[in-house]
Amino acid sequence: MDQLDASIVELLGKRVELSRKIGRTKQKARMRVHDPQREKEVISRVVKLASEHGLREEDLRETYDKIISMSRNVQEKEEKVAFLGPRGTFCEQASRSYFRNSAVSFIEHPTIADVFRAVNVSEADYGVTPVENSTEGSVNMALDLLLTSDLKVCGEIEERIRHNLITRPETKWQNVRTVISHPQALAQCRKFLEQNLPQAKTKEVSSTSAAVNMAKRLGNVAAIGTELAAKICGMDVVARGIEDNPKNFTRFFVLGREDAEPTGDDKTSTIFSVRHVPGALFDALQAFAKRKLNLTKIESRPTRRVPWEYVFYCDFEGHRNDEKCQAALKDLESKCIFLKVLGSYPKAR
């Protein structure tokens, strides 16, 4: 067993040294070190080998998460990621999930505009902001800032909104008299509260993380929040997944100063406007239809310059460097009075 352990450590040392050489090569070529798609492929390939060696897939996945993190730490300087705060919310949870194998420091910002500004002035290397919820719709502030910003969308995250009932370690379930959280979180857990805590009153606060912080100071109080917030505050999660709708997801954009390289499984986000004449939008969308490019989102937003003037936010499958996508974008541009490509990025998994 000692010999096996020594061999494992020796092989890990060789892997880290090879990672260090790869990092130097990437830096010379000015290539981005962080490549989440490549990391997913590595872990997926390794996990498939688990059964051949009598290992559990989840154990091997967790182990390789750590190995990749160790290898990446020698490749790059610590990067800064700005996210929409406060700490312990779904945005931080999504940020940590996306950059989990990276040497990263996470910096909270009070508004979406602050996240954009931090990346734009190089206070942060990346920014993470919500852009859409599967039940509540688009985050309009983020869409409006994408129209005016020079930043690129270089990644996306789809985070399941998983609410949890959180209390102080010594609080007993039957003694809970008040449940506090953000108004949306309370509304999304109404059935659970009615069935399990009918005696408890509800109280609205500014965020789920603020609720967990408040519950930490009060007796006989429970909060609805994230597991991350519970961990930060040293609280207990007494019930997981208490939301009424298990298919509630929020989509986040990862913002950078450059978009991502093609992976073969990408999406591209654009903004465009057309002339205010019959059939103009239909004609523009033919650029995608005749090349069989699948649209995953289209939404209109007012320009705020002229009353009743709109721009269209459109996502489609493919990378803007793909030949077919390049042809579609060129065709689209010829039919538009304005076109902006926000970026291409790997699809969320």
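Details
- Estimated distance in nm for a label pair at residue 22 and residue 282, the labels positioned 7 Å out from Cα along Cα-to-Cβ: 5.1
- Furthest towards positive pole of dipole, 206, 262, 346, structure part the range 199-349, Cβ charges: 206
- If R0 equals 51 Å, the separation of the Cβ atoms of residue 334 and residue 14 corresponds to a calculated FRET efficiency of about 0.40.
- Assuming charge only on the beta carbon of Lys and Arg (+1) and of Asp and Glu (-1), the dipole of the chain about its Cα centre is about 280 debye to the nearest 20.
- For the range 164-240, averaging the sequence separation of C-alpha pairs within contact (under 8 Å, six or more residues apart) and dividing by the residue count gives a relative contact order of 50 percent.
- Length released on extending from residue 290 to residue 143, taking residue separation times 0.36 nm less the Cα-Cα span: 50.2 nm
- Residues of the range 1-26 with amide N under 20 Å of the 7 Å Cα→Cβ point at residue 55: 1-19
- Alpha carbon centroid spacing (whole Å) that separates the range 206-233 from the range 35-61: 35
- Sites residue 240 and residue 306 - FRET efficiency at Förster radius 41 Å, r taken between beta-carbons, to 0.05: 0.25
- Figure legend: label point modelled 7 angstrom from the Cα of residue 87 along Cα→Cβ; residues of the range 237-263 with amide N under 20 Å from it are 237.
- Residue-averaged 222 nm ellipticity for the chain, from DSSP H runs of 4+ at -39500 (n - 2.57), nearest 500: -12000 deg cm²/dmol
- Approximate spin-label separation residue 191-residue 70, in nm, with each point projected 7 Å along Cα-to-Cβ: 4.5
- Simple rule: put +1 on each Lys or Arg Cβ and -1 on each Asp or Glu Cβ in the chain, find the dipole, and look at 307, 278, 143; the Cα lying farthest toward the positive end is 307.
- Kirkwood-type hydrodynamic radius, the range 259-346: 13.2 Å, calculated from all non-identical alpha-carbon pairs.
- Here the relative contact order of the range 259-346, from alpha carbon pairs under 8 Å that lie six or more residues apart, stands at 51 percent.
- Amide proton proximity set for residue 338, modelled H, under 5 Å, gap of 5+: 273
- Exposure proxy ranking for 251, 349, 162, based on other Cβ atoms within 10 angstrom of each Cβ and starting from the fewest, stands as 349, 162, 251.
- Within the chain, the ratio Rg/Rh, alpha carbon atoms throughout and Rh by Kirkwood, equals 1.02.
- Lys/Arg +1, Asp/Glu -1 at C-beta; the chain dipole; positive extreme among 42, 226, 129: 129
- Amide H contacts of residue 239 (H built 1.01 Å from N, under 5 Å, at least 5 apart or other chain): 165
- Take every Cα pair under 8 Å whose residues are at least 6 apart in sequence, average their separation, divide by the length of the chain, and the relative contact order is 17 percent.
- Sites counted here are GluC sites (Glu not before Pro) in a DSSP loop (not H, G, I, E or B) having no more than 14 other Cβ atoms within 10 Å; the longest part of the chain that contains none of them is 171-257.
- Between residue 62 and residue 105, the C-beta separation translates, for a Förster distance of 25 Å, into a calculated FRET efficiency of about 0.65.
Throughout, read-outs are computed from the coordinates displayed, never taken from laboratory work. What you see is a predicted model; the values in this text were computed from it and never measured. Cβ sites come from the backbone with ideal geometry, for glycine too, and all protein chains shown count toward neighbours.
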